[in-house]
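Asks: Handing you a structure now.
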Amino acid sequence: MAQASCNQEELDNGTCSLSDKEPAPRVQHCTLIPNKNESENQMKVLSNRKEIKLINKSHLKICSNPDCESKDNLRFAPYFVCAYFGLLVEKFNVRRVCQRCYRDAENHQSVLVKMLGDHKSIVLGPKKPKNQMVTIDDEECSEDSTESPEEVEIEGDIDNFVKYLVEKYRFEEQVDASLNHLEKRWINNKDKMAELDISHSKLEKNLDSLRKELYKSHEPKICLVDSIDVDTHGNVTKHNSTSSTVEAIQPLMPTCKQTALPPNGMFIHTQIKANQAIYAMRSSLLAPWGKGRVIRIKENTEMMYVIRFDTGGKPRTFPLKYLAYAESSPVQLTVGARVIAQYVEDKDGKLKPSSYYAGVIAEAPKTLNQYRYLVFFDDGYAQYCTHEQVTMVCQSSRDVWQDIHMNSRSFVLNYLKQYPERAMVKLQRGQTVKTELNGNWFQGRVETVDASLANIYFPSENRFEWIYRGSTRLHPLFDLLANAEARKNQGATRPTHNMALVHKKKNAPYVEYTRGDVDRSPPPSIAPLSLSSAPSPSTECVVRAVARKSTSKVLKPNSVSSVTPLLVDELTVNAEHKGRFKFRLNESYKNVAFEPHQCNSKCIEEFPYADGDNKNLNPLSIPMLCGWSREVAKQRHGERLSIIYRAPCGRRMRNMDEVHRYIRLTGSQLGVDLFCFDNFVHCFTEFEPEVVYSKINDITYGKENVRVSCVNSIDRSNPEYVEYSTERIPREGVNLNLDPNFLVCCDCTDDCQDKEKCQCWQLTIKATALGPSGKIDPTAGYNYRRLMQNVVTGVYECNSRCSCRKTCINRVAQRPLHLRLQLFRTERRGWGIRCLDDIPKGQFICVYAGQLLTEQEANEDGKQFGDEYLAELDLIESIEQAKDGYESDVDIDIDHQSDISQSSGSDDSGEFSDISESKSLVPGQGHENKNDSSEKLSAHTLSSTAVRIIQKDDCQKKTRELYGPNEHCYVMDAKSTGNIGRYLNHCCKPNVFVQNIFVDTQDLRFPWVGFFAHVFIRAGTELTWDYSYQVDSVPDKKLFCHCGAKECRGRLL
């Protein structure tokens, strides 16, 4: 190998200058040119090596400059020549150039060296030629090619040598000058780039249009296949009604657009003149209206008009409120307008417009309903109509509900009184919902959702029917309103939360309170439906003094993969959530080779750890600071990633069971919940808010195990002062027995891993027999200190009398806070809590602490100081209500022959009592007519039935009554005294669920309230839980929900 040496003195004298004709080889970043004779001698030496074969001869027979094809006088190309022509330099790949190309590169190098010596910016020097050559590597050639002789040895310290060069040639100034030059060029090219972007966008649009035109004839055709039904025994039944129904609906899809609607404005009633075309009521409000002409006008105290129908017959006299204009309105109609609308019937599978019927506008045209009017007909039907299918009644009362038939009067009154807020059942296609049909409850399937209407299919009857989503014929709404009236009649004063939400099944329909909103993407259609009058929320909801959160909310396992929250990494536009992720490297990582041995305490003696060490860090990173390593492995076949933990002794572990066994063998104090085998959980990623106007380092004042910071990215305000307490404090009148002698304990020595031997585990498992299923769940409780789903009957942890260690896997909620949380200001929901690190599913977060109050004291304090921080300890009520038939699937026979339902079928006018024509209940199916009184169910009938259903077991004594005659639900108040749990906000689709836990007492009246992660939670995400408030439970108080979830119910109170 050729060797050369340069020292600082030679550099100063110029004998080792970069511009010499016979320079030395390059030194790292300094390019030194070897002399001709030396390079040739090196090639001769290398050619004598037998083991090296010059296979890649093409590089040696032609000039390496891609723009030159000379084959004469080739010489070795040092680094500066290769850099000049943009050639790839490799150790075992020699480049050769001709004399002319060598001189060009040498002249360019000389100019740059001179500019460097004169301290001028070399960026402004001569430019290199553009090389557009693509280098294709050949593995065989690269292995056997000649080794490049360009090597050098430096005498002295290389660091000092490089430092000397940097100072002599002022490389920092060169870098600054280069940056300034590039910035100027970027500014000059910015406008050109903008023009290119515009041209590129136009070109893309043209290409898209050409592509659509080219593939227009090959577009796929979308069709709906026949629906099938699968019963509980697995039998599959096909029916062909779905496809035919959809095909019948599609042709009549309204094609009206917003531009086709008339302008907004006030409707002005014009004067009726003789011989004018008019619509008039034939016989009653429930009968169709006929078209005729005005013969004459009677001038008396009340204007009366003589009308002759076009169908012939004797002229009849009508007042204005029974007449309607024959022309469409010149302005858009508003909600509450008295109208007649053209009904669309289904005959022989085809939808055909029929007669006009009286009704009222319930929904104005908008994008969400395809710019149609929702009309509530007087006979209880509802339908979407276009503007041309609706016409105004000539005169209506000031309270339009007084003009409506008595069968629908109460419903319309309550609807208009609460509009635009509406209680509606949230439905999706494919869901099953219990629906009333002919006086019985049937399981129906949602076939189509059209804004505020839903097409329900009844498999047992092979029948379709359109139903308004705010009708009490849908069991979720019926159950909510009717049972509320039942509890009121019973004189109940305690429950304030919605038990139907507490025990809601996965993907089950639920009641939402909309404020003028409907489904976001409904399939448009026109079809009739049956509408039952809903009970009045103002009279049927439980009246409460204050509102209280439910601490027994049951969340079912999420069907969505827990990996989906990875999308949360995308920063949101809201200032409250805007931030960045700070990645920290594991500096303590060491690759320890495993040697076969029996693991014991010596394996971890180099990394001592005590409970409480490494505070204020991501708890999942603590094992890595104690000699552990967390490795991500990929399977050989497949894309799935798996996590492997390597202990300080080098032993690898693949699951929680192996980790827990190692901790027990070595006597480590590390908790098993410090390990996570989910590959999407990051252990060294921390969320940092982007904008901070005010900050408090620790709002707990040192009372928590870790700091809880507080930031405000909205304004400069701080949260109000709260007496921080990590424990619940019983007030006067609360007899909380904390004597440990009353506790059941265990004597386990294996960290309570064996559930059959641990008495505390057995309390949790055996209590599940009292739950809704009535069966014992042997898997109930924690899974290595993580709770994957709610245990409705409560979790019994090991207590102070137990013999197990602190590392026991049944000690979770009693441990101090170890997650890093942050209090932050939200735009519309006050103060909230978010996590600074990733939280795996089932991880314990914190407890809800405060003052324990009695029922009476909670009502008094709630009225005086506010009820936003009251939480009921309603474990007993939650279990009993779950067993009493909430969300029951049993069909109920409703007695619709009651005196009340018969009296509700009477008419409000004797003059127009007969009905000559009416709409069928299910068009095209040949069922009973709508005027059949047996098909009508009044609101009072439905509610009364619910009362009988709920009161059937009143003779049974409730569990809470066993504690005393005046026992009521105790309430946790965190208004003035509490912990971090008081700041968790509400969400209709929460990422945190509530769990009742027994630690210092096993009294069912006083469980701890703990929060656990319902799904995987990405760092920076707000932590929320479902308050389960009962809507309208507090008089004259409405609280709207701003959680922003897709499943938002609209209202909290």
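The values are calculated or read from the model by the stated rules, or taken from the named source; none is laboratory data. The structure presented is a predicted model; accordingly, all values stated were derived computationally and were not measured. Note that we place each Cβ from the backbone using ideal geometry, even for glycine, and neighbour counts take in every protein chain shown. Only protein heavy atoms, including side chains, enter the accessible area calculation; ligands, DNA and RNA are left aside. Shrake-Rupley method; radii C 1.70, N 1.55, O 1.52, S 1.80 Å.
Asks: Residues that are in contact (Cβ under 8 Å) with a residue 24 or more places away in the chain, at least 3 per element: which strands (runs of 3 or more DSSP E) completely within the stretch 279-325 meet that? Step through it out loud before you land on a result.
Replies: On the way: elements: 289-298, 304-309, 316-318, 323-325.
Of the strands (runs of 3 or more DSSP E) lying wholly inside the stretch 279-325, those with at least 3 residues that are in contact (Cβ under 8 Å) with a residue 24 or more places away in the chain span 289-298, 304-309, 323-325.
Asks: Related question: If residue 810 passes every condition in (1) in contact with an Asp or Glu (Cβ under 9 Å, 6 or more places away or on another chain); (2) surrounded by fewer than 21 Cβ atoms within 10 Å (Cβ to Cβ) but one, which one does it miss?
Replies: Tallying (1) in contact with an Asp or Glu (Cβ under 9 Å, 6 or more places away or on another chain); (2) surrounded by fewer than 21 Cβ atoms within 10 Å (Cβ to Cβ), residue 810 fails exactly one: (2).
Here's the yes/no breakdown for (1) touching a strand residue (DSSP E or B) at 6+ places or on another chain (Cβ under 8 Å); (2) crowded, with 22+ Cβ neighbours inside 10 Å; (3) closer than 30 Å to residue 685 by Cα:
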{"residue": "981", "(1), (2), (3)": "yes, yes, yes"}
{"residue": "984", "(1), (2), (3)": "yes, yes, yes"}
{"residue": "1001", "(1), (2), (3)": "no, no, no"}
{"residue": "1044", "(1), (2), (3)": "no, no, yes"}
{"residue": "1048", "(1), (2), (3)": "yes, no, no"}
{"residue": "1051", "(1), (2), (3)": "yes, no, no"}
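Asks: Can I ask one more? Quick one: would you say residue 583 is touching a strand residue (DSSP E or B) at 6+ places or on another chain (Cβ under 8 Å) and open to solvent by less than 70 Å² (accessible area, probe 1.4 Å)? Lay out the reasoning, then the answer.
Replies: On the way: touching a strand residue (DSSP E or B) at 6+ places or on another chain (Cβ under 8 Å): yes; open to solvent by less than 70 Å² (accessible area, probe 1.4 Å): no.
So residue 583 fails the test.
Asks: Same structure again: Whether any residue in the stretch 727-746 is of a type in the set (S, T, N, Q), open to solvent by less than 70 Å² (accessible area, probe 1.4 Å), touching a residue at least 60 places away in the same chain (Cβ under 8 Å) and at negative phi is what I want to check.
Replies: no
Asks: Suppose we filter 306, 344, 331 for residues that are at pLDDT 75 or above, open to solvent by less than 30 Å² (accessible area, probe 1.4 Å) and either more than 24 Å from residue 373 (Cβ to Cβ) or touching a His at 6+ places or on another chain (Cβ under 7 Å) (or both); which single one remains?
Replies: Working: 344 fails: either more than 24 Å from residue 373 (Cβ to Cβ) or touching a His at 6+ places or on another chain (Cβ under 7 Å) (or both); 331 fails: either more than 24 Å from residue 373 (Cβ to Cβ) or touching a His at 6+ places or on another chain (Cβ under 7 Å) (or both).
So the residue among 306, 344, 331 that is at pLDDT 75 or above, open to solvent by less than 30 Å² (accessible area, probe 1.4 Å) and either more than 24 Å from residue 373 (Cβ to Cβ) or touching a His at 6+ places or on another chain (Cβ under 7 Å) (or both) is 306.
Asks: If you go through the stretch 420-434 one residue at a time, do you hit one that is of a type in the set (Val, Ile, Thr), part of a strand (DSSP E or B) and out of contact with any His (no Cβ under 9 Å at 6 or more places or on another chain)?
Replies: If we filter the stretch 420-434 for residues that are of a type in the set (Val, Ile, Thr), which is where we start, we get 425, 432-433.
In the following step, the residues that additionally are part of a strand (DSSP E or B) were identified as 425, 432-433.
After this cut, where a residue has to be out of contact with any His (no Cβ under 9 Å at 6 or more places or on another chain) as well, the list is 432.
Checked the stretch 420-434: at least one residue is of a type in the set (Val, Ile, Thr), part of a strand (DSSP E or B) and out of contact with any His (no Cβ under 9 Å at 6 or more places or on another chain).
Asks: Restricting the search to the stretch 600-640, which residues are surrounded by fewer than 20 Cβ atoms within 10 Å (Cβ to Cβ), in a loop (DSSP other than H, G, I, E, B), touching a residue at least 24 places away in the same chain (Cβ under 8 Å) and among the polar types (S, T, N, Q)?
Replies: If the condition is that a residue be surrounded by fewer than 20 Cβ atoms within 10 Å (Cβ to Cβ), in a loop (DSSP other than H, G, I, E, B), touching a residue at least 24 places away in the same chain (Cβ under 8 Å) and among the polar types (S, T, N, Q), then 600, 616 are the ones that fit.
Asks: Just to verify a result, which residue in the stretch 84-103, among those that are assigned to a loop (DSSP other than H, G, I, E, B) and at pLDDT below 80, is nearest to the chain's Cα centre (by Cα)? Before the answer, list the steps.
Replies: We begin by selecting, within the stretch 84-103, every residue assigned to a loop (DSSP other than H, G, I, E, B); these are 86-89, 91-92, 94-95, 98.
Those left that are additionally at pLDDT below 80: 88-89, 91-92, 94.
On the way: 88: 50, 89: 52, 91: 54, 92: 56, 94: 59 Å.
The residue in question is 88.
Asks: Would you check which residues across the stretch 412-427 are open to solvent by 10 Å² or more (accessible area, probe 1.4 Å) and either at pLDDT 90 or above or more than 26 Å from residue 261 (Cβ to Cβ) (or both) and list them?
Replies: Hits for the stretch 412-427 are 413, 414, 417, 423, 426.
Asks: Separate question: Every residue in the stretch 650-676 that is without any contact (Cβ under 8 Å) to a residue 60 or more places away in the chain and buried (at least 19 other Cβ atoms within 10 Å of the Cβ), please.
Replies: 653, 659, 674, 675
Asks: For the stretch 262-294, give me each residue that is loosely packed, with under 15 Cβ neighbours inside 10 Å and among the hydrophobic types (A, V, I, L, M, F, W, C).
Replies: 266, 267, 268, 274, 277
Asks: So, one more: Within the stretch 378-388, is even one residue touching an Asp or Glu at 6+ places or on another chain (Cβ under 6 Å) and surrounded by fewer than 23 Cβ atoms within 10 Å (Cβ to Cβ)?
Replies: Start the filter on the stretch 378-388 by keeping residues that are touching an Asp or Glu at 6+ places or on another chain (Cβ under 6 Å), which leaves none.
No, the conditions are met nowhere in the stretch 378-388.
Asks: Here is a further query. Look at the stretch 212-228 and say how many of its residues are polar (S, T, N, Q) and either loosely packed, with under 10 Cβ neighbours inside 10 Å or modelled with pLDDT of 80 or more (or both).
Replies: Residues flagged as polar (S, T, N, Q) and either loosely packed, with under 10 Cβ neighbours inside 10 Å or modelled with pLDDT of 80 or more (or both) within the stretch 212-228 amount to 1.
Asks: Sticking with this structure for a sec: Restricting attention to the stretch 63-83, which residues are assigned to a helix (DSSP H, G or I) and small (Gly, Ala, Ser)? Steps first, answer last, please.
Replies: Step one: list which residues in the stretch 63-83 are assigned to a helix (DSSP H, G or I), which gives 79-83.
The answer is 83, and nothing else.
Asks: If you don't mind, another one. Please enumerate the residues belonging to the stretch 454-484 that are among the hydroxyl-bearing types (Ser, Thr, Tyr) and either assigned to a helix (DSSP H, G or I) or open to solvent by 10 Å² or more (accessible area, probe 1.4 Å) (or both).
Replies: If we filter the stretch 454-484 for residues that are among the hydroxyl-bearing types (Ser, Thr, Tyr), which is where we start, we get 457, 460, 468, 471-472.
Once the filter is applied, which keeps residues that are among the hydroxyl-bearing types (Ser, Thr, Tyr) and either assigned to a helix (DSSP H, G or I) or open to solvent by 10 Å² or more (accessible area, probe 1.4 Å) (or both), the stretch 454-484 yields only 460.
Asks: Limited to the stretch 739-774, what total is found for residues that are assigned to a loop (DSSP other than H, G, I, E, B) and farther than 24 Å from residue 785 by Cβ? Give the derivation first.
Replies: Of the residues in the stretch 739-774, the ones assigned to a loop (DSSP other than H, G, I, E, B) are 739, 743-758, 771-774.
Next, from what is left, pick out any that are farther than 24 Å from residue 785 by Cβ: 739, 772-774.
Of the residues in that region, 4 qualify.
Asks: How about the stretch 997-1019: which of its residues are under 12 Å from residue 794 (Cα atoms) and of a type in the set (Asp, Glu)?
Replies: Start the filter on the stretch 997-1019 by keeping residues that are under 12 Å from residue 794 (Cα atoms), which leaves 997-999, 1002-1010.
Once the filter is applied, which keeps residues that are under 12 Å from residue 794 (Cα atoms) and of a type in the set (Asp, Glu), the stretch 997-1019 yields only 1003.
Asks: Let me ask another. Against the condition touching a residue at least 24 places away in the same chain (Cβ under 8 Å), surrounded by fewer than 17 Cβ atoms within 10 Å (Cβ to Cβ) and touching an Asp or Glu at 6+ places or on another chain (Cβ under 8 Å), how does residue 679 come out, does it pass? Steps first, answer last, please.
Replies: Values: touching a residue at least 24 places away in the same chain (Cβ under 8 Å): yes; surrounded by fewer than 17 Cβ atoms within 10 Å (Cβ to Cβ): yes; touching an Asp or Glu at 6+ places or on another chain (Cβ under 8 Å): no.
So residue 679 fails the test.
Asks: State which residue is farthest from the chain's Cα centre (by Cα) when the search covers only the stretch 456-485 and only residues that are closer than 14 Å to residue 432 by Cα and without any contact (Cβ under 8 Å) to a residue 60 or more places away in the chain.
Replies: Ranking the candidates gives 460 first.
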